[in-house]
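Asker: Have a look at this one.
We did not get these values from a lab; they are worked out from the coordinates using the rules stated. Keep in mind it's a predicted model, so treat the numbers as computed, not measured. Here the Cβ is made from the backbone with ideal geometry for all residues, glycine too, and neighbour counts use every protein chain on show.
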């Protein structure tokens, strides 16, 4: 499965999610390749920190910020891996556009802020362009950096707004603002590897993974 975590809007936590998904799938025994499609190289830096710390499982990671290079490398190597996770975006880039053509699933994280929700229209346009030249891209939006409260008005309003963007299916499995995610991401760790363990963060991530990969398996 090729899964892109992408958004033209920066600051929505896409790299954190991509790294968490890649490490968690590797911990579950999958052969995983993480591709950093962002010039900033944040995902690659996190995996480098993991490697330097000697953490197992090791994660294969490459950085291709150029869309043509990303497309060529994935087409050459896709059969070597069970899961390919691509971290792309922060802006409309050739890497993001290439990823949309290659992927089975697109996960679009958004924060419960009005300008983050409005930015989904830009992603929706890119999805329409991708679907004009390919079939089968499944697109999901997930609330990331959600307000911690169970009954947050901002969370509810953002979820309702996203439900009106027809290009995306809204996944009702919010990832809330928790220190565990930022602490883990910078060290190249999954939240399940942190000590002390944050059971709520682990449960949220596990629910997201189950939703994404079961949806693909049963589609």
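Asker: Output the direction-averaged projected area (hull surface divided by four) of the convex hull of the alpha-carbon atoms of the stretch 52-99, in nm².
Answerer: Details: hull surface 16.7 nm².
So the Cα hull casts an average projection of 4.2 nm².
Asker: Among 106, 120, 137, which one shows the biggest mean-square fluctuation in a GNM of the chain, springs joining Cα atoms closer than 10 Å?
Answerer: Among 106, 120, 137, the largest GNM mean-square fluctuation belongs to 137.
Asker: Would you mind telling me which residue in 83, 38, 128 has the biggest mean-square fluctuation in a Gaussian network model of the chain, where springs connect alpha carbons within a distance under 10 angstrom?
Answerer: The residue with the greatest mean-square fluctuation here is 128.
Asker: Checking a compactness column here: for the stretch 4-90, what do you get for Rg(Cα) / (2.2 N^0.38 Å), N being the number of residues?
Answerer: 1.02
Asker: Using the per-residue mean of other Cβ atoms lying within 10 Å as a proxy for protection, in what order, highest first, do the peptides 6-14, 153-161 fall?
Answerer: The most tightly packed comes first, giving 6-14, 153-161.
Asker: Report the extension gain between residue 73 and residue 134 in nm, rounded to one decimal, defined as 0.36 nm multiplied by the number of residues separating them, less their alpha carbon distance. Don't skip to the end; give the middle numbers.
Answerer: Details: separation 61, 0.36 × 61 = 21.96 nm, distance 1.88 nm.
Roughly 20.1 nm would be gained on extension.
Asker: Same structure again: Based on the alpha carbons, how large is the Rg to Rh ratio for the stretch 142-219 when Rh follows Kirkwood?
Answerer: Taking Rh as the inverse mean 1/r over Cα pairs, Rg/Rh reads 1.01.
Asker: Once the piece of chain linking residue 62 and residue 203 is laid out straight, how much longer is it, given 0.36 nm per residue of separation minus the C-alpha distance between them? Mind showing how you got there, number by number?
Answerer: Numbers: separation 141, 0.36 × 141 = 50.76 nm, distance 2.83 nm.
Extra length available between residue 62 and residue 203 comes to 47.9 nm.
Asker: Across the stretch 2-218, what fraction of all alpha-carbon pairs, as a whole percent, falls in each successive 10 Å bin from zero upward?
Answerer: Using 10 Å bins, I get a P(r) of 9, 37, 39, 14, 1 for the stretch 2-218.
Asker: Could you identify which residue out of 182, 24, 132 has the top mean-square fluctuation in a GNM of the chain using Cα springs shorter than 10 Å?
Answerer: Residue with maximal mean-square fluctuation among 182, 24, 132: 132.
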